[in-house]
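The values are calculated or read from the model by the stated rules, or taken from the named source; none is laboratory data. Because the structure is predicted, anything quoted here is derived from the model rather than measured. For neighbour counting, all protein chains shown are included, and Cβ atoms are generated from backbone atoms with ideal geometry for every residue, glycine included.
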Amino acid sequence: MTDVLDLDDIQAGALHERPSPYVGMYILLRVNDPHDGRRLVRRLIPLLSPARSVLDRTPSAWLTIAFTYQGLKALGVPQESLDSFAPEFKQGMAARAAELGDVGESGPDHWEEPLGRTDVHIALATLAPDQASLDELVERARRAQDEFPGIDVIWQQDCHQLASGRTSFGFRDGIGQPAVEGVGTPPTNPGEPPIKAGEFVLGYPDETGALPPMPTPDVLGRNGTYVVFRKLHTRVAAYRRYLREHAANRREEALLGAKMVGRWQSGAPLALAPDDDDPELGADPKRRNDFAYRDDPRGFKCPAGAHARRANPRDSLEDEHTVDVRLHRMIRRGTSYGTALPDGVLDDDGADRGIIFVFAGAHPGRQFEFVKTQWLNDGIFIGAPQESDPLVGPQDGSGIFTVPRHPIRRRLQDIPPFVVTRGGEYCFAPGLRGLRWLADLTEESR
């Protein structure tokens, strides 16, 4: 197989950055009639943008279509093909919740219906730089869906960039994206060469030099990618109260928040601005991701347990570990939902707000699941087995977070859960030819 990416076949959403500002909508469908499901796929294909067109020009809006294992089954995909998909995808996220740390309040029993249920079949994701463009595309997709009575809309979620341009916790997001070899977009971290395309798109060599396992037939698997979808509710008031209660003043409050995240709210990394925020650095895309951790092995600048350092340890594991960080890089497409909690408010207003976490990659097991279980949920790799990620780890009110400092480290106790999983799905986004194959399935071909 060629190493040259087929940008005319890959769905744009897998490789294209979200706009800023952005608005979007996620829609989940149930297929009650396989024939209607396949006809809907055929009707939606003209609404999709190939990656090449998006790289050449920014579209007014774009749509991504993906399927759960149950969705492919509902469309009539042969069992031999279904069996060839990644095990995580086949099992579904709800079945793997305990391993992922989605327990207690984050467990599937508490998820929003129908997330994690077997009747989630097709996922549509739309993004646009403005509401008018989004509405136009969503309306076209809805008109297509309305033609087929065998398809039901069973869930939808609006998302939008908050007025601050940051997450509900107040931090600039989407900074550390990997560059994909063959796409041509420059890396956000000048010190990180582009990652092999096979880490994110099936049918191409990955960082090991091999071809990742690919679903069969080839037309369905090639140029496809697995998609992780998670709705994460953020407890912003609890987070603010915790910082306020454990800081002597507002400056220390901001520093403590930065220590937990690994960056200041402006986006300036602690590795480059360890003592005070530097908004100019945080706003500079050429500098704010140009750093490493090798010169800070003990975490005096950025704690080893900080969220950003856990999610991407960079060069900090090169000496004493055998882990190749490049095998675990992820393309993230997180978006915010809900309203922002007003500045200074420390009491929960009852509103649902948070992040829709979307990850695209060729290896759901050694990318998303490895990072979630080994780096975010567990502290063994940083020498602190009892500590999980202070922001997104599975906290139960007894969490610990260590802040190295001279002369004595500070150990924060009783960290409550700041993020609660509301649901999630493993999906597969085929290439455009794969979508046509799905649309053309017949009783005879199955």
From Ser81, Ser53, grab the single residue that is modelled with pLDDT of 95 or more, of a type in the set (S, T, N, Q) and outside any loop (DSSP other than H, G, I, E, B).
-> Ser81
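Considering only residues that are of a type in the set (A, V, I, L, M, F, W, C) and touching a His at 6+ places or on another chain (Cβ under 9 Å), look in the stretch 256-305 and name the one that is farthest from Pro186 (Cα to Cα).
Looking at residues that are of a type in the set (A, V, I, L, M, F, W, C) and touching a His at 6+ places or on another chain (Cβ under 9 Å), I get Leu256.
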Which residue pairs have Cβ atoms under 7 Å apart, sit 6 or more places apart or on different chains, and have a first residue in the stretch 296-317 that is free of Cβ contacts under 8 Å to residues at least 60 places away in the same chain and over 20 Å from His328 (Cα atoms) and a second that is small (Gly, Ala, Ser) and in a loop (DSSP other than H, G, I, E, B)?
-> Asp296/Ala271; Lys301/Ala271; Cys302/Gly262; Cys302/Ala271
Selection within the stretch 158-178 - closer than 30 Å to Asn32 by Cβ and either in contact with a Ser or Thr (Cβ under 7 Å, 6 or more places away or on another chain) or crowded, with 20+ Cβ neighbours inside 10 Å (or both) = Cys159
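Which of the residues that make up the stretch 395-415 are in contact (Cβ under 8 Å) with a residue 12 or more places away in the chain, within 18 Å of Asp296 (Cβ to Cβ) and in a loop (DSSP other than H, G, I, E, B)?
Start the filter on the stretch 395-415 by keeping residues that are in contact (Cβ under 8 Å) with a residue 12 or more places away in the chain, which leaves 395-406, 412-415.
If we keep only those that are within 18 Å of Asp296 (Cβ to Cβ) as well, we get 401-406.
Those that are in contact (Cβ under 8 Å) with a residue 12 or more places away in the chain, within 18 Å of Asp296 (Cβ to Cβ) and in a loop (DSSP other than H, G, I, E, B): Pro404, Arg405, His406.
Can you spot a residue in the stretch 179-194 that is over 16 Å from Leu7 (Cβ atoms), buried (at least 22 other Cβ atoms within 10 Å of the Cβ) and in contact with a strand residue (DSSP E or B) (Cβ under 8 Å, 6 or more places away or on another chain)?
Of the stretch 179-194, the ones over 16 Å from Leu7 (Cβ atoms) are 186-193.
Next, from what is left, pick out any that are buried (at least 22 other Cβ atoms within 10 Å of the Cβ): none.
Scanning the stretch 179-194, I find no residue that is over 16 Å from Leu7 (Cβ atoms), buried (at least 22 other Cβ atoms within 10 Å of the Cβ) and in contact with a strand residue (DSSP E or B) (Cβ under 8 Å, 6 or more places away or on another chain), so the answer is no.
Being part of a helix (DSSP H, G or I), modelled with pLDDT under 95 and of a type outside the set (Phe, Trp, Tyr) is the filter here; which residues of the stretch 376-389 pass it?
Initial filter on the stretch 376-389 (part of a helix (DSSP H, G or I)): 376, 380-382.
Narrowing further to those that are modelled with pLDDT under 95: 380-382.
Residues satisfying the conditions are Ile380, Ile382.
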Of the conditions (1) more than 27 Å from Gly198 (Cα to Cα); (2) part of a helix (DSSP H, G or I), Leu435 clears all except one; give me its number.
-> (1)
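Please go through the stretch 240-277 and pick out each residue that is of a type in the set (D, E, K, R) and in contact with a Leu (Cβ under 6 Å, 6 or more places away or on another chain). So that I can check it myself, show each step before the final result.
Our first condition is that a residue be of a type in the set (D, E, K, R); within the stretch 240-277, this holds for 240-241, 244-245, 250-253, 259, 263, 275-277.
Hits for the stretch 240-277 are Arg240, Arg241, Glu253.
A quick yes/no check of all residues on (1) farther than 21 Å from Ser168 by Cα; (2) in contact with an Asp or Glu (Cβ under 6 Å, 6 or more places away or on another chain):
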residue	(1), (2)
Asp378	yes, no
Pro390	no, no
Arg422	no, yes
Gly434	yes, no
Asp440	yes, no
Hey, does the stretch 106-114 have a residue that's under 24 Å from Gly13 (Cα atoms) and of a type outside the set (Asp, Glu)?
-> yes
Check whether at least one residue in the stretch 414-435 is at pLDDT 95 or above, farther than 30 Å from Pro50 by Cα, surrounded by fewer than 15 Cβ atoms within 10 Å (Cβ to Cβ) and of a type in the set (D, E, K, R), and report yes or no.
-> yes
Pick from the stretch 137-157, criterion loosely packed, with under 13 Cβ neighbours inside 10 Å and touching a residue at least 12 places away in the same chain (Cβ under 8 Å), ranking: nearest to Leu29 (Cα to Cα) = Gln156
Among the residues of the stretch 1-26, which ones are closer than 18 Å to Leu435 by Cβ and either surrounded by 19 or more Cβ atoms within 10 Å (Cβ to Cβ) or of a type in the set (Lys, Arg) (or both)?
-> Leu5, Asp6, Leu7, Asp9, Ile10, Gln11, Ala12, Gly13, Ala14, Leu15, His16
Say whether the condition of being surrounded by 15 or more Cβ atoms within 10 Å (Cβ to Cβ), modelled with pLDDT of 95 or more, part of a loop (DSSP other than H, G, I, E, B) and touching a Lys or Arg at 6+ places or on another chain (Cβ under 8 Å) is met by at least one residue in the stretch 319-335.
-> no
Check Leu29 against each of (1) buried (at least 17 other Cβ atoms within 10 Å of the Cβ); (2) within 23 Å of the chain's Cα centre (by Cα); (3) farther than 17 Å from Ala125 by Cβ and name the one condition it does not meet.
-> (3)
Pair list, Cβ < 6 Å and 6+ apart or interchain, from the stretch 352-375 residues that are assigned to a helix (DSSP H, G or I) to residues that are of a type in the set (S, T, N, Q) = none
Any chance Leu346 is more than 24 Å from the chain's Cα centre (by Cα) and either crowded, with 22+ Cβ neighbours inside 10 Å or in a loop (DSSP other than H, G, I, E, B) (or both) | yes
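Can you name the residue in the stretch 226-262 that is basic (Lys, Arg) and more than 17 Å from Arg353 (Cβ to Cβ) and, of all such residues, is surrounded by the most Cβ atoms within 10 Å (Cβ to Cβ)?
First pass over the stretch 226-262, keeping only residues basic (Lys, Arg): 230-231, 235, 240-241, 244, 250-251, 259.
Subset that is more than 17 Å from Arg353 (Cβ to Cβ): 244, 250-251, 259.
Working: Arg244: 12, Arg250: 10, Arg251: 11, Lys259: 27.
Looking at the filtered set, the residue picked out is Lys259.
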Breaking point among (1) touching a residue at least 60 places away in the same chain (Cβ under 8 Å); (2) farther than 30 Å from Lys286 by Cα, for Thr118 | (1)
How about the stretch 210-315: which helices (runs of 4 or more DSSP H) wholly inside it have at least 1 residues that are closer than 28 Å to Gly350 by Cα?
-> 236-245, 250-261, 307-311
Residue identified as in contact with a strand residue (DSSP E or B) (Cβ under 7 Å, 6 or more places away or on another chain) and modelled with pLDDT of 95 or more among Leu75, Leu7 = Leu75
